[in-house]
Amino acid sequence: KGIPTPMATLLVFLVGAASALKLVNEQHRHLTTDEGATYGELPAFFHKTENIYTELESLSSRCSHMEISNLSTGKTTMKVVNFGASIGGPKKMKVLLYFGEHSREMISPESALDFARHLCYEKEDTAEQAKSLLMKATIRMVPIVNHDGRKLVESGDFCHRTNAHNVDLNRNWDEHWQYSMAAETYPGEQPFSETETQILKKDAEEYKPNVFLTVHSGTLGLFTPWAYCSTDPASLLERSHRSHRSLLEKYPVLEQKQKMLYADQSVRSRITDMKSLLDEINPKYCRCEAGAAGVELPYLSPGTSMDWMFDKLNCDYAFAFEIYDGRSTGGYKYSDQDALMIQEGSVKRHSCFSLHEEAANSTIDSYDCFLMVSHWPRLLPI
């Protein structure tokens, strides 16, 4: 059938969300040129956690189709925002969005707040598109996944990436989870060891989304599964692919997945649909790396939310968007040394500092992004 228009519209919205913040002419005054960051105040152009929640509560008071609720496990509480549950018919697409899995990626939750304003029709240029989207899709958003880790960033530890227990929440999912001692990507003692991922797992299993998207920053890229291995699921559809023998030996599960792809037409369709959507969006709105994360990035990421949603929850479409890199449009081309530092878990200066600098030409223009909706002629039944 191809990509349903609601999903295309949704992804189009998110591609350029970061630039709507217009952080131009703001200079960050608290970071040194060393590997770490000095302690100081959060740059004024970012909302603190409480301010984001206050803004969302204020927005919900004047947005009848927006609902905010709390999810809790132990001492951890996470806010979840729903849009459009009372709009449209019963057979709507269900979309799940995560923002702020990594605490220092401050622009991700900012984008959640701005996206919420669009979904509440507060942006004149996109109100009609948002109304059309919510007639066909219910959107569930976690605006800040890594609440406790973000608090450390707001207190001045600007390069803190993990949660308060120093666990990388986007390596803590039970999908090819792999133990590591790397400080930046420490996955915890076992999958779902953290209350944050326990909350998210339970919520996702109950919600059963058709579409999943997690929004990050640190580079520009539009990624699909898998992140844990250096092969594109689409390539498994090519039985004659030269690299398959070594890959199947290294990852026996891939042979099982290859058989599944040939046995299940719906899985094949999902893979080709995701790729075709990114191929259409990317040249005009990102001009960046796009495709399977483990192929496009110079490092592997076992235990991610995206791969778990696609493989374990059988979510129809799963994506990870990197929306800001602090450099020029076109994405950040990692050097060999950069890749090595990421694998070793070193605090990479680019990963931290670019997230707090002024925004220049390193995000996609949000207004153009929303206008792109008019380019989607497909109005297919869900």
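If R0 is 30 Å, the Cβ-Cβ spacing of H165 and K312 corresponds to a FRET efficiency of close to 0.85. Computed extension gain for E124 through Q198, at 0.36 nm per residue and net of the alpha carbon distance, reaches 22.8 nm. Accessible surface of the stretch 80-181, 1.4 Å probe: 48 percent of it comes from carbon and sulfur atoms. Average accessible surface for the stretch 52-165: 36 Å² per residue, computed with a 1.4 Å probe over protein heavy atoms with every protein chain in place.
Please work out the FRET efficiency for the pair S132 and E67, using the Cβ-Cβ distance as r and a Förster radius of 25 Å; give the result to the nearest 0.05. After rounding to 0.05, the efficiency reads 0.80. At R0 = 30 Å, how high is the FRET efficiency between S86 and D279 if r is their beta carbon distance? Nearest 0.05 is fine. So, using R0 = 30 Å, E works out to roughly 0.30.
The order of F45, F158 by accessible area, most exposed first and with a 1.4 Å probe, is F45, F158.
Taking 7 Å steps out from each Cα toward its Cβ at S269 and K151 produces label points 4.6 nm apart.
The order of H65, H147 by accessible area, most exposed first and with a 1.4 Å probe, is H147, H65.
The values are calculated or read from the model by the stated rules, or taken from the named source; none is laboratory data. Given the structure is predicted, the values throughout are model-derived calculations rather than measurements. Heads up, the Cβs are rebuilt from the backbone with ideal geometry, glycines too, and the neighbour counts pull from every protein chain shown. Please note that ligands, DNA and RNA were not included when accessible areas were found on the heavy atoms of the full protein model with its side chains. Shrake-Rupley method; radii C 1.70, N 1.55, O 1.52, S 1.80 Å.
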